[in-house]
Every structure is written in structure tokens, then in C-alpha cells.
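Chemist: Can you keep this structure in mind? I'll have questions shortly.
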Amino acid sequence: MNRKCALFLLLYSAVVSLSACTEDSFFAENSQTAPGVSTPTVEMVFEAGELPSWRDTTYWGFVLPSSASFSLVSDREDLRSRPLGRFSTLPDSLFVDTVRVAVDSFASAAVRLSIDTLQTELPGEDVELTVWSLSRSFDADEATWQQAREGEAWATPGGDLGTLLGSNTFRFEADSLGLLPDSAVVPLVGNADSLLTAWRDSDGEPGIAVVLTGPGGTIRASRIALVAGAVPEGIDTVVSVVRGTTPGTFIYDPPTPSPTTRLRLAGLPAARYYLDFELPDSLGFIRLRGSTINRAAIEFRPTGAPAEPYPLRAAISAQAVRLLADPFVFGEKTPIGSTLGALELLSPDSLASGNTMQYDITSLVRLWSQAPFDSLPPLRVGIVPVPENRQFGFWEFFSREDGPGLRPVVRLLFTPNPSFLLP
């Protein structure tokens, strides 16, 4: 507790009169309308290092490239990335006019990327997309730029590319109506029937890679699919068959930096941070436990932007949630309970300017305040990006390990119970 607040509380015990220790715009609009406004209200600000206990940490891996809602195809100086996948669900029969008919052959095949135009960055000149068969199988959950699976390195970092299956050159620019292309198609050359039949018989092994070449840029694809023309047995027609990569992933270089003592949020592998802390039972002669908690918030200060290519590219939201167990025992598997307060918008520009991030934890502190006086339950909070599978970049925040003025803080606006002094 800072000296000003300590002195203030001693004066309160002598004259039975309170007012807020500090002024803060976060509570300004609540202080006049809070419950118990007819009795004195106090605002307190605690840095993490001033509380009886505080622990914080970052856990990551909640979303991997294999389970993300997008893939990156990138060829830049600071980021190389390529999707890997298998087309393992090709049909041996299909419905034609409500009748199931065996597939006689495949007449054509192409790989189609559905492009997220808002988060795709390409130069205003031609780029080339190529599709390759892999000469080595991979594990979608373990593959990285350096290894096909845990303990098995690629012969060539980035995947062992085998046969070139197809290529296409295109330019990512707006048309006459100002619309950007929302897809890119790479026709596969050679004998489509032989290739797709082999994939069907081997569950898509050993897989394919999609590679971007050219003067640099990144395509963010919401889906990578195989579009094939299937010829039903005994019928003079071609049926279009669309199949996604199952399983699919993408590998990238450089690797995501490991978390340090800083608190990290979002990114792939997705990161969230957990913390638990205690509030003092009493402040001088005033019991905080049992007081009316009008408002409580926890505030974090952002660090500088991560090195390229990892800063957030677009705003996301984050949510404070109640943790149902000790995160320093259960780790990333700690069960999550109810949400606390509203979503907080994370704007890259705002974070880069150093603006703090504040979360309403009033409901949690109220439960703590009303708990029996013979117990001191810790308050446990998780900060989770919402949604958790949309961002490649991340941001970090100062933790308990950092110096004064940088650590997280807890802000309280509360009304102590009335005191009755005997003459």
C-alpha cells in the first residue's frame, strides 16, 4: 500500500471520516452513483508487489496451426510459411439423381485457396502459387519448419518437397469494382485419375504442400480444398467434388519465441495468462473483508510490440474468466468458470501507445469479501483471447517480475461497514 493511502487510513480511524485516496477516471462515473453513496467510499490502488501474494504466468498451446481457423502461405524476408495437408476423404461412389453410383475415374483436379482479403498482404505484381507432393509423411500436430514430427527432421527445412503437381501465377489487386479476389486456384497437371486414386487408396499419404514464391507477401487462407471432377460409372457426366485437407496444418519460420516472465496473449500457439493473488483482510483499522465492493478491476500495462512478424495485425477481444482450480498446480489444463465483466478490445495501435488494459472483476471480489472471516481464499483469474484461433501475432504485458510502475495493479472502490465508537 502506498504511504499516502496508509496515512489516510490512520486519519480515518481517528476522525471516522473517509474520502477516496486517489482520483481515477476508471471509477469517476461510478463513485457518485455506487451503492452506499451516502456513506464514505474509498478508492484503493494496489500494485502486484504490494499485495500479500501474487503469482502470474503464461500458458500456451491452446490453439496449434493444425486446429486454427486459417492457414498462412507466406514468402517474406521475416516470415516463410506453407500449408501442409492430405486429401484423405476422396469418394469411391457418389449420389447422382438420388442413386449412389461408383466413381469410374477423376477427370480433373485443382487446389483452391479461399482468401481472407482483409488480412492478406501481397505486392502489386505477379506472385506464383505452387502445389507439391511431399516425399515424407508428417504429423499435423507436431510438424514444424524443422521437423516432420517429434524427433524426425525434414531432409530440407520447410518440408521435403517431392513432385511439382501444379502452379499458377496471379496478381492480388482490385478489379474494376474495387473488389479483391477471394480465391486462388492452382490446377493440378498430369493424370488426375492416377493421382487422386492413389490418394484415395492411401488416405492422402504422404500429403501436399502449398508454396508461395515471388517478391514477398502473405496469403491468409480460410480454407484449402481440392476441387475434383468425378466421372460416375456408366453415366456421361462429371460431378464436382470438393474436399478439405484432413488433417491440415501450416509450418512457419522463424518459430514463435517462447514465453518469458512476461504475460502473453493470443498468437499461435495461442497464449493466455493466469494469475492468483490475495487482498489484505484489513487496511489499518478498516476491514476490507465484509465491506461493500462497489467496483473492482485489474489493470495490465503492455510492453512494446513483439519483433516482426509477431505483433497483432488486427484488433481482437480478450475476456477475464474465473479459474476453478490452482493454475500453478493444473497448468494449462486449469478448468475455466464464469466470465468476469465485459470483453476488452485489444487494438494494436492502442497497445503500441502503451494504453493499459482493464478488466472488471467486481463479482469475484464481492464473493471474496463475503467469505467467512476465518478463510482467506485466493482470487484466481485467467485472461483469454476471444476468439482464440484467429490470430497469428500476439502481445505481451508486464508481470509481477517487472519494476514498480510497470506491474499489474488492482483497483478497488468500496464502502466500509459503519463503525460505532464508544465514548
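Chemist: When the residues of segment 35-65 are filtered to those that are part of a loop (DSSP other than H, G, I, E, B) and either of a type in the set (Val, Ile, Thr) or over 33 Å from the mean Cα position of the chain (by Cα) (or both), which remaining residue is modelled with the highest pLDDT?
Modeler: Val63
Chemist: Can you tell me which residue among Thr261, Thr245, Thr249 is in contact (Cβ under 8 Å) with a residue 40 or more places away in the chain, in the same structural domain as Ala371 (by TED's automatic domain parsing) and β-branched (Val, Ile, Thr)?
Modeler: Thr261
Chemist: Taking Leu268 and the conditions (1) closer than 30 Å to Ala225 by Cα; (2) touching a strand residue (DSSP E or B) at 6+ places or on another chain (Cβ under 8 Å); (3) in the same structural domain as Phe397 (by TED's automatic domain parsing), which numbered condition does it fall short on, given that it satisfies the others?
Modeler: Looking at each condition in turn, Leu268 falls short on (2).
Chemist: Mind counting the residues in segment 383-417 that are small (Gly, Ala, Ser), under 23 Å from Val321 (Cβ atoms) and surrounded by fewer than 20 Cβ atoms within 10 Å (Cβ to Cβ)?
Modeler: Matching residues across segment 383-417 total 1.
Chemist: I've got another one for you. Look through Ser69, Ser108 and report the one residue that is among the polar types (S, T, N, Q) and in contact with a strand residue (DSSP E or B) (Cβ under 6 Å, 6 or more places away or on another chain).
Modeler: Only one candidate passes the filter, namely Ser108.
Chemist: Restricting segment 340-355 to residues that are crowded, with 16+ Cβ neighbours inside 10 Å and free of Cβ contacts under 8 Å to residues at least 60 places away in the same chain, which is farthest from Val410 (Cα to Cα)?
Modeler: Pro348
Chemist: Considering segment 234-255 alone, what residues qualify as being hydrophobic (A, V, I, L, M, F, W, C) and assigned to a strand (DSSP E or B)?
Modeler: Answer for segment 234-255, where residues must be hydrophobic (A, V, I, L, M, F, W, C) and assigned to a strand (DSSP E or B): Val239, Val241, Val242, Phe250, Ile251.
Chemist: Shifting gears a bit: Applying the selection to segment 395-405, what residues are at pLDDT 95 or above and not charged (D, E, K, R)?
Modeler: Hits for segment 395-405 are Trp395, Phe397, Phe398, Ser399.
Chemist: Tell me, which residue of segment 186-212 that is more than 20 Å from Thr89 (Cβ to Cβ) and under 30 Å from the mean Cα position of the chain (by Cα) is surrounded by the fewest Cβ atoms within 10 Å (Cβ to Cβ)?
Modeler: For segment 186-212, the residue satisfying everything is Val211.
Chemist: For segment 100-116, give me the residue count where each residue is touching an Asp or Glu at 6+ places or on another chain (Cβ under 6 Å) and closer than 13 Å to Arg220 by Cα.
Modeler: 1
Chemist: With surrounded by fewer than 15 Cβ atoms within 10 Å (Cβ to Cβ) and under 27 Å from the mean Cα position of the chain (by Cα) as the only criterion, which of Pro247, Pro255, Pro215, Pro269 stands out?
Modeler: Pro255
Chemist: So Glu121 ticks every box in (1) over 18 Å from Ala221 (Cβ atoms); (2) surrounded by fewer than 17 Cβ atoms within 10 Å (Cβ to Cβ); (3) among the acidic types (Asp, Glu) but one. Which box is left unticked?
Modeler: Answer for Glu121: the failing condition is (1).
Chemist: Moving to a separate point now. Could you list, in sequence order, all residues of segment 149-179 that are part of a loop (DSSP other than H, G, I, E, B), within 20 Å of Thr218 (Cβ to Cβ) and touching a strand residue (DSSP E or B) at 6+ places or on another chain (Cβ under 8 Å)?
Modeler: Those that are part of a loop (DSSP other than H, G, I, E, B), within 20 Å of Thr218 (Cβ to Cβ) and touching a strand residue (DSSP E or B) at 6+ places or on another chain (Cβ under 8 Å): Pro157, Gly158, Gly159, Arg171, Phe172.
Chemist: Looking at this structure, is Val227 closer than 30 Å to Glu77 by Cβ, at pLDDT 95 or above and assigned to a strand (DSSP E or B)?
Modeler: Considered against the rule, which asks whether it is closer than 30 Å to Glu77 by Cβ, at pLDDT 95 or above and assigned to a strand (DSSP E or B), Val227 comes out as no.
Chemist: Can you find even one residue in segment 294-301 that is farther than 30 Å from Arg411 by Cβ, buried (at least 16 other Cβ atoms within 10 Å of the Cβ) and not basic (Lys, Arg)?
Modeler: Within segment 294-301 (the criterion being farther than 30 Å from Arg411 by Cβ, buried (at least 16 other Cβ atoms within 10 Å of the Cβ) and not basic (Lys, Arg)), the answer is no, since none of the residues qualifies.
The values are calculated or read from the model by the stated rules, or taken from the named source; none is laboratory data. Predicted model only: the values in this text are computed from it and were never measured. We place every Cβ from the backbone using ideal geometry, glycine too, and count neighbours over all the protein chains shown.
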